[in-house]
Amino acid sequence: MLSRFTRTTAVLLMLALNCGAQTKSEPEFVSPLGAKFYSQPDEKGQIAEAEKKLASDPKNIELIIALGRAQATVWRFRDAIATFTRGIEMDPSNAMLYRHRGHRYISTRQLDKAVSDMERAAKLNDKNNEIWYHLALAYYLKGKFEKAASAYEKAYAVSERDDLRIATSDWLYMSYRRAGKIAEAARALARITPDMKPGESKVYFDRLMLYKGLKKESEILNDKMTDLELATAGYGIANWHLYSGDKAKAKELFQKITSGKAWSAFGFIAAETELTRMR
């Protein structure tokens, strides 16, 4: 029979093991600037629920995608990549598996792999806005602005709603500006009108209105914004300062964005990329 001390020790050891299984000590990613980024706890049990459903039907691609998305929700991007890879091994012609894995390669700054996955996805399905949008973003982050603009144009062409057209147009405008194609940027901006319905793309819409001279920077940025809101709204404005010639103001805002915790946001990743280039 175990002594009370031994039983207590065993219980503590079990708790420690369980905690270790639930909390990752290894960072998901170490940025080029030296920052370590970690996943979050799955407080809602989304991963366990997705795993349970998949266990009952392990060859169901939609359930594999659901598990990968649940893992990504709490920033367990390496696990998500492994999950989507598992799906690709089962169904190598499924465009959405490459689209989702490519997205998470972007999250972990593996841009060459992201481009490869998204290019494969686009060959399998060239009518999907999300595929072209994420391929364009990967090009953009690699500094291939003309290729990014071309892919964003294709994303715009297959966009069926205002919110998709707005989000795509914001990055398209920035891509043209960074490529030095002012006339093309102006044409892309002209397609956006104040009467459009932005939906979830409100921040992108506000930035586009700023570019059109219909909003002020002070109407978009404020000290009460969450880290995610700052990353999303702030990157475009910082970038606007950068290609307008105010590098110091752009850098200040890039640094403010990357001092936050929204490290998986596209705006954060882009700001981080800009600062790395500036070094």
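The values are calculated or read from the model by the stated rules, or taken from the named source; none is laboratory data. From a predicted model like this one, the values you see are computed outputs, not experimental measurements. Every residue, glycine as well, gets a Cβ built from its backbone with ideal geometry; the counts of neighbours run over all protein chains shown. The accessibility values were calculated without ligands, DNA or RNA, using every heavy atom of the protein model including side chains. Shrake-Rupley method; radii C 1.70, N 1.55, O 1.52, S 1.80 Å.
Screening residue 213 with (1) surrounded by fewer than 17 Cβ atoms within 10 Å (Cβ to Cβ); (2) within 24 Å of residue 139 (Cβ to Cβ) gives one miss only, at (2). Of all residues in the range 199-226, those that are assigned to a helix (DSSP H, G or I) and within 27 Å of residue 161 (Cα to Cα) total 15.
Residue check: is residue 183 closer than 21 Å to residue 136 by Cβ and either aromatic (Phe, Trp, Tyr) or open to solvent by 10 Å² or more (accessible area, probe 1.4 Å) (or both)? For residue 183, the condition - closer than 21 Å to residue 136 by Cβ and either aromatic (Phe, Trp, Tyr) or open to solvent by 10 Å² or more (accessible area, probe 1.4 Å) (or both) - is met.
The set of residues in the range 241-273 being among the aromatic types (Phe, Trp, Tyr) and in contact (Cβ under 8 Å) with a residue 60 or more places away in the chain consists of 243, 263, 266. Checking the stated criteria, residue 195 turns out not to satisfy the condition of being in a helix (DSSP H, G or I) and either of a type outside the set (A, V, I, L, M) or open to solvent by 60 Å² or more (accessible area, probe 1.4 Å) (or both).
Filtering the range 239-259 to residues that are touching a Gly at 6+ places or on another chain (Cβ under 9 Å) and at pLDDT 95 or above leaves 253, 254, 256, 257. When residues in the range 125-164 are screened for being of a type outside the set (Phe, Trp, Tyr), surrounded by 24 or more Cβ atoms within 10 Å (Cβ to Cβ) and either within 21 Å of residue 195 (Cβ to Cβ) or touching a residue at least 40 places away in the same chain (Cβ under 8 Å) (or both), 1 of them pass.
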